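Let me begin by presenting the structure, written as structure tokens, before commenting on it.
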């Protein structure tokens, strides 16, 4: 017996305010302006990317403020300090 394949598409019905739809449609790129499904997909992809970027930045800031990390970075900087006198430009 074959197992039923899981669809790659999730169908959801949402209610959006007319004002929001009109506002977004007015500023959407021409190729998305009349395709609400594609417009919502692109908007959700951009939202997910921004959230991931924000979470990464927060994690990096937290790591940078960690005293143990600061100590390790200072040790690494000391070890590589002689290489900065190699005469090469930092372009």
**Report entry** Given (1) modelled with pLDDT under 90; (2) surrounded by 10 or more Cβ atoms within 10 Å (Cβ to Cβ), number of the condition residue 54 does not satisfy
**Finding:** (1)
Requested in this report: Among the numbered conditions (1) surrounded by 10 or more Cβ atoms within 10 Å (Cβ to Cβ); (2) touching a helix residue (DSSP H, G or I) at 6+ places or on another chain (Cβ under 9 Å), tell me where residue 60 comes up short.
Outcome: (2)
Requested in this report: Go through segment 1-46 and count every residue that is surrounded by 10 or more Cβ atoms within 10 Å (Cβ to Cβ), assigned to a loop (DSSP other than H, G, I, E, B) and within 25 Å of the chain's Cα centre (by Cα).
Outcome: 6
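The values are calculated or read from the model by the stated rules, or taken from the named source; none is laboratory data. This is a predicted model, so every value here is computed, not measured. For neighbour counting, all protein chains shown are included, and Cβ atoms are generated from backbone atoms with ideal geometry for every residue, glycine included.
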